[in-house]
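Structure first, commentary second.
Here, each number is a calculation from the coordinates, and none is a lab measurement. Not measured: the values here are computed from a predicted model. Note that we place each Cβ from the backbone using ideal geometry, even for glycine, and neighbour counts take in every protein chain shown.
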C-alpha cells in the first residue's frame, strides 16, 4: 500500500534548511557560510550590504559584524606580550594565523617582531639569521596544525624558505653553549680511572647504543671534571649533550648552568598529579 504525500510551504516562517557545518580553516567557505546563516537568500546578498556590493565575503562579513576585526588580533597580541614569554607568544601568533586568518598577517609580524624574537636577541648572529630562527620556530608550530609559512605572507625579501631553520629554541640554546679553550684540552690529564669511564661513555654515544652510568666518588675526586670532559668531547663532534644538576649551586660549575627543574620543567612542589610542562613542539 502506498501513501501519497504532498509538500507544503512552511506557514511559520521562511527558513533555509540543510546547511552543513563548515570548517573554520576553510576561511572563504566559512565566511560565506556565516553570511548565509545571518540571512542571505541569494548569491548577490553574500557580498551586498545596504545595496553596496563589496569585493570579498570577508569584507561583507566584517561590516555585518559576523567576524572580529584585525584590531582585535592586535589587542590580543599586545596584551599577551605584556606577560607571555616569547615562545608562548609565537605559539599564540601561529594559532591566530591558522584559526583566525587575519588579513594583515604581515603587519602583525612586523609590529610584534621584537616581542616574538626577544629570546633570540642574545644570539651572536645577524638580524637576518635571528629572523630566520624566529620564523623557523613559528613554522614548527604551524606544521603541527597542518600549515606552513608558505601559506602566509610572512617571508621577507631577504629570507628564502630554505633559510628557515627547523631547530627549535632548545636546540639553538644547546648549540650556542660556549666551550672554553681550557676545556678542549681537558682530556689529556685524565687519570686511569677517569680515562676508563670517559672511553666507556663515548663508546656508547658514538656507537648509538643506549647506556646508563653512575659515577660516584668523594668530593674533589674529579667527577665534575669528568662530566665536562665528556661534554666537550661530544659537543666537538657536533652532537648535543644535556648536562644538568639537581641544584643551582651544583649547576653553576657546569657548562650551560642548567638545573633539572629548569631543563625539564619539573614542578617545584610535587604531588601525584604533577607532570613536566614540556610542549609537543619542544
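Using the reciprocal of the averaged 1/r over all distinct C-alpha pairs, how large is the Kirkwood radius of segment 74-116 in Å? Walk me through the intermediate numbers first.
Details: mean 1/r = 0.0978 Å⁻¹.
It is 10.2 Å.
What is the spin-label model distance, in nm, from residue 271 to residue 143 if the labels are put 7 Å beyond Cα along the C-beta direction?
A separation of 3.8 nm, rounded to one decimal place.
With a ≥ b ≥ c the root eigenvalues of the C-alpha gyration tensor of segment 181-264, is it rounded (a/c under 1.5), prolate (a/b larger than b/c) or oblate? Walk me through the numbers before you get to the answer.
Numbers: a/c = 1.40, a/b = 1.17, b/c = 1.20.
Rounded shape, in that the Cα axes give a/c under 1.5.
Any chance you could run the full-extension gain for residue 78 through residue 246? It's 0.36 nm times the residue separation minus the Cα-Cα distance, nm to one decimal.
Details: separation 168, 0.36 × 168 = 60.48 nm, distance 3.67 nm.
Taking residue 78 through residue 246 to full extension adds about 56.8 nm, to one decimal.
Roughly speaking, what is the stretch gain from residue 200 to residue 215, that is 0.36 nm per residue apart minus the C-alpha to C-alpha distance, in nm to one decimal? Let's see the in-between values first.
Working: separation 15, 0.36 × 15 = 5.40 nm, distance 1.20 nm.
Between residue 200 and residue 215, full extension yields 4.2 nm more.
Write down the Å³ per residue value for the convex hull defined by the alpha carbon atoms of segment 215-276. Before the final figure, lay out each step's value.
Values: hull volume 7.0 nm³, N = 62.
Each residue corresponds to 112 Å³ of Cα convex hull volume.
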